[in-house]
Amino acid sequence: MVITVGPGQYHRNAGLLSDAGLYIKRYGTTAVLIGGNISRQVIDGPLRHSLSKYGVTLKHSLWFGGESSQTNIDRLVEQLENETFDVIIAAGGGKAMDTAKAAAFQLNKPLVAIPTIAATCAAATPICILYSDEGEFLEIGRNSKVPELVLVDTNIILAAPVRYLIAGIGDTLAKWFETKCSIKKAVPNAINQTAIAIAGQLYESLIQKGEKAVSSMKAQKATVELNDIIDAIILVSGSVSGYGGDDCRTAAAHAIYSGLTIFPEIHHTYHGEIVAFGILAQLCMEGTDEEEIKTLIHYYQQIGLPFTLQQMDIKGLTDDQWKVLGEITVTIEDMANMPFEVTPDMVITAVRQADRIGTEMLVVSN
């Protein structure tokens, strides 16, 4: 048995970036930064100053390419394979993290993650979600490494748009709904039962503190609730997959997310926002009582998550488009984690039902 629970160390504090060099110097004296354009602009100055203070040279600052695609991974590996350096630093959101994790795996270098948004658990997981160069989901990559160190500066998270935090809550909610579904196919043991217990507590934390955390972001205040939700999204969420392994994987919610990425108009909607809608469709697929689904949608309304296709700019799908959505979604490996066989028609019915329930609530709220 091999279990990769999460990063070697996780630090979260306000102003932590100014001490980044203190932690990173453990891995050598030369570093390369890989990240998004905005994230590198945000951290470049303070990071260089901190690294220099502790005797570490930042040799390169490289854009990850915009998508965690094999093209971008290969490009970065080709750029760096003949370079002499000690450690890779990843900065940004999920796609930047995943690209850097895959590159670090191929280059066999230590990896330090500095997430600049709290939108996914990518900084704390050993997998890499691979997309096409155009942003369509392709597969879950295993040629990826978990960071040795994660540094979270609360001030940087606070400065990011609140929509990222909301998307992170949506993505993290799926840990409970998908894990309690996928674990039905597993033989209970100490490790996977720990994973489901963590997922349940994670769900309770999000329900109890999510709205206050979003309000804190809007007010630009680093409250206890905000810190708890940041940790829940980035670290605790990743540990569910770490402990659960193949017994506690993503399921229909993420499969539906991946299927919906075939529509270019949805690419302006964030990962966790689409996953949140996928949860509703998964619940419909499981035959969940409609009132229970409406209760979850009410929570979505409180924090600002989408719960209709229209809110994600998907309007007026043709019969052919519905058919393609159903056919593609059932091929996503996440769907195989459902405890029953899912057909394309079941996907179409579930997505339509979730959209109908959401649209009814949207009309009422307006």
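The values are calculated or read from the model by the stated rules, or taken from the named source; none is laboratory data. Note that the structure is predicted; figures quoted are calculated from it, not measured. Don't worry about glycine lacking a Cβ; one is built from the backbone with ideal geometry, like all the others, and counts go over all protein chains shown. Just so you know, the surface numbers come from the protein's heavy atoms only, side chains and all, with ligands and any DNA or RNA stripped out. Shrake-Rupley method; radii C 1.70, N 1.55, O 1.52, S 1.80 Å.
Below are the figures for this structure:
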read-out: Residues satisfying the stated conditions in region 288-306, i.e. part of a loop (DSSP other than H, G, I, E, B) and over 21 Å from residue 181 (Cα atoms); value: 304, 305, 306
read-out: Tabulated pairs, region 308-333, first within 19 Å of residue 267 (Cβ to Cβ), second polar (S, T, N, Q) and surrounded by fewer than 16 Cβ atoms within 10 Å (Cβ to Cβ), C-beta under 8 angstrom, 6+ apart or interchain; value: 308/359; 310/359
read-out: Search result, residues across region 1-53 that are among the basic types (Lys, Arg) and either open to solvent by less than 60 Å² (accessible area, probe 1.4 Å) or closer than 15 Å to residue 113 by Cβ (or both); value: 12, 26, 40
read-out: Checking residue 83 against (1) touching a Pro at 6+ places or on another chain (Cβ under 7 Å); (2) farther than 22 Å from residue 141 by Cα; (3) in a loop (DSSP other than H, G, I, E, B); (4) not hydroxyl-bearing (Ser, Thr, Tyr), the condition it does not meet; value: (1)
read-out: Residue within region 224-245 that is part of a helix (DSSP H, G or I), closer than 22 Å to residue 347 by Cα and of a type outside the set (D, E, K, R) present; value: no
read-out: Total residues in region 310-332, condition open to solvent by 10 Å² or more (accessible area, probe 1.4 Å), of a type outside the set (Val, Ile, Thr) and under 15 Å from residue 261 (Cα atoms); value: 9
read-out: Residue among 112, 87, 32 that is under 23 Å from residue 241 (Cβ atoms), modelled with pLDDT of 95 or more and touching a strand residue (DSSP E or B) at 6+ places or on another chain (Cβ under 7 Å); value: 112
read-out: Selected residue (criterion: nearest to residue 296 (Cα to Cα)) from residues of region 203-220 that are touching a residue at least 24 places away in the same chain (Cβ under 8 Å) and open to solvent by 50 Å² or more (accessible area, probe 1.4 Å); value: 207
